[in-house]
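*Asks:* Sharing a structure below in structure tokens format, with a few things to ask.
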């Protein structure tokens, strides 16, 4: 097995683009324009779409043909219909409105673009970019695996080796399609995969495609390398060079997605030159963007090279002056793809100068010194390898392998298929990856860390009273749960001796399940437990309780006063002391069910905050974790048996609300974290408008609400976490949501828990927790 470095050397004529390429102008008519696919040019003047005859007289020899071809009649309509079914927020463009204008060699293509751009019927026109080389830079028991540092634990690599210890972490059951120029399918480290070509030609740069596939899927066969996900169920390829001449990126993507399924991965090992920018992501081409967007709306995970032009993508503008890659710009266009930059192979990883960068980049990988497969220019050698594969070409397969591993892990654990936006959020989340050396300057995102993804996630003379945020809270500022207090207890009847029932020595000190739902038509009673870790007894401690609807963010504009009580003394020694009951009068109980409660303690030498203090957002953030005189109980105990006469039948409904800040619109995350057994089903029900804001795709469910067409449902992984994209929550937003739960009957004798929470600047600002338990009798 010889080291082959010459196969990637520049200047090899056999690795150059073929002569079949011809310059064309791409024109996209506005979506309402309807043209026949045959004889379209003849209809332009007839239908008043544009003065084609005058244009043809000015630019002699031009001809018009459809840009994109579909193998079967109605294929585009079928794909669009499927995308809309999966994602009602998807707004398809009319791909039939894309045409290519063939030119004579002497024709001034830029002048033709200017002329077309004057037509009212034209949405965009541009000169189709010529072929651009793939984005490489010229410069275990598998014997070479020791050189594959990108397989190693963070911060060096993505820790693929750790993922292999878990079902699906080796890519089992997953499908990959790679788009580029050429491959050596019968390489000794690939042949066992039985790789096939969907469309296009296996044309050139065979070393490149072989290197890419080697990083991802080299077989675990005691020969050569081992891929990040060596057990993929399917590997297919599409070529950018077309039979009979011609070159395209949009067409092979369309060919690929026509035969791909939800959860498959499409890798775009390509870059392009357009609008004056060199070696940038291919989705700068409008037609390519549109087919990528169609792919991600169909549930296909697209991973795209950022390109090797060293361009700050935030500064890129299209001919309309729009900053299409800048996430902070109102003109930002999100295809749904995961875009990958390149960084150094040694930690701390710094962005390599050739890598495109900016806010649009989601992740990075090694852009140098990658040990992988290679080939020769004749595509006959099947045992060549290299230690110098590089560029965003080598970085992108690393992130692609991480995506395939995550997809495999989730599917093996739950049977679920993650949507593209879910995969991107997981891989790009800083909590799940290794930051670059200087994130603010590098701007290439994080390198995924599969271990982090898999494992998930210190003389006091005055009284210091506190009420716990969670069991185990010692009254210090903390990063623990902020809404799971065991110290606010609702009962439907009076407790004769609350200290004996709930205080020190009761045996219930750390019981989270003492509270019940409110019962309508009668008084209910609230008890508050207090500790004092200070050096003197606290006297006349006022405990005030507010109620609020279940919500993931409980700022004080949602609170309603329930009542107060006074604890005459709270002794030192951190002993649990219980208040008398606060009566919640029958007339003040809005309805039966579960409520969130806020408790505030106030005593002369340890005063507590007032509700008005929480209207200031910075104060609210501080009080959540740093003021031990206040707590939230958003902890609900629910029967795990579906109640009768609920919609949809067979599910336990858990209604709650996501809320906005009280002062102004702020960017936040919503996250769902269940700990449920295999076979459990969890759905999140949300309004279509909120789904559009989140850019999420709905799941298929076995029911629908004829009278509620504005609701969609999303499957939630039963044992992990689902983190939705960061979006702007309007000020004082009240977004109604429901979790729908179905526990297998055989498991309903057990208790299970899940919570929903909101995060602001990556810190938790509120949560609702539910514990599903076997039916019990109220006390």
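*Asks:* Here's a check for you: in the range 293-315, which residue that is closer than 15 Å to residue 272 by Cα and crowded, with 23+ Cβ neighbours inside 10 Å is farthest from the chain's Cα centre (by Cα)?
*Replies:* Within the range 293-315, the match that is farthest from the chain's Cα centre (by Cα) is 308.
*Asks:* Turning to a different aspect of this structure: Please verify whether residue 407 is crowded, with 24+ Cβ neighbours inside 10 Å and closer than 22 Å to residue 87 by Cα, treating the condition exactly as stated.
*Replies:* yes
*Asks:* Mind checking which residues of the range 243-269 are assigned to a loop (DSSP other than H, G, I, E, B), in contact with a strand residue (DSSP E or B) (Cβ under 8 Å, 6 or more places away or on another chain) and under 26 Å from residue 78 (Cβ atoms)?
*Replies:* Answer for the range 243-269, where residues must be assigned to a loop (DSSP other than H, G, I, E, B), in contact with a strand residue (DSSP E or B) (Cβ under 8 Å, 6 or more places away or on another chain) and under 26 Å from residue 78 (Cβ atoms): 249, 259, 260, 261, 263, 264.
*Asks:* Also, quick follow-up: Taking the range 620-640, which residues are assigned to a loop (DSSP other than H, G, I, E, B) and within 13 Å of residue 764 (Cβ to Cβ)?
*Replies:* 634
*Asks:* Of all residues in the range 251-271, which are more than 19 Å from residue 410 (Cβ to Cβ), touching a helix residue (DSSP H, G or I) at 6+ places or on another chain (Cβ under 8 Å) and surrounded by fewer than 24 Cβ atoms within 10 Å (Cβ to Cβ)?
*Replies:* Residue satisfying the conditions is 258 alone.
*Asks:* Looking only at residues in the range 227-242 that are under 19 Å from residue 285 (Cβ atoms) and part of a loop (DSSP other than H, G, I, E, B), which one is farthest from the chain's Cα centre (by Cα)?
*Replies:* Only one residue fits best here, namely 242.
*Asks:* Could you check the range 589-617 and list, in sequence order, the residues that are in a helix (DSSP H, G or I) and either over 19 Å from residue 765 (Cβ atoms) or modelled with pLDDT of 90 or more (or both)?
*Replies:* 617
*Asks:* Another question, then. Taking residue 667 and the conditions (1) in the same structural domain as residue 755 (by TED's automatic domain parsing); (2) part of a loop (DSSP other than H, G, I, E, B); (3) exposed (fewer than 14 other Cβ atoms within 10 Å of the Cβ), which numbered condition does it fall short on, given that it satisfies the others?
*Replies:* That leaves (2) as the condition not met.
*Asks:* Check off (1) within 26 Å of residue 606 (Cβ to Cβ); (2) surrounded by 17 or more Cβ atoms within 10 Å (Cβ to Cβ) for residue 495 and give me the number that stays unchecked.
*Replies:* Among (1) within 26 Å of residue 606 (Cβ to Cβ); (2) surrounded by 17 or more Cβ atoms within 10 Å (Cβ to Cβ), the lone unmet condition for residue 495 is (1).
*Asks:* Another question about this same structure. Checking residue 61 against (1) at pLDDT 90 or above; (2) within 30 Å of residue 699 (Cβ to Cβ); (3) part of a loop (DSSP other than H, G, I, E, B), which single condition isn't satisfied?
*Replies:* That leaves (2) as the condition not met.
*Asks:* Within the range 143-184, restricting attention to residues that are assigned to a loop (DSSP other than H, G, I, E, B) and under 30 Å from residue 243 (Cα atoms), which residue is nearest to the chain's Cα centre (by Cα)?
*Replies:* Filtering the range 143-184 for residues that are assigned to a loop (DSSP other than H, G, I, E, B) and under 30 Å from residue 243 (Cα atoms), the one nearest to the chain's Cα centre (by Cα) comes out as 174.
*Asks:* For residues that are in a loop (DSSP other than H, G, I, E, B) and farther than 25 Å from residue 700 by Cβ, tally how many sit in the range 71-98.
*Replies:* 3
The values are calculated or read from the model by the stated rules, or taken from the named source; none is laboratory data. Here the structure is a predicted model, which is why all the values come from computation and not from measurement. Glycine also receives a Cβ, built like all others from the backbone with ideal geometry; neighbour counts cover every protein chain displayed.
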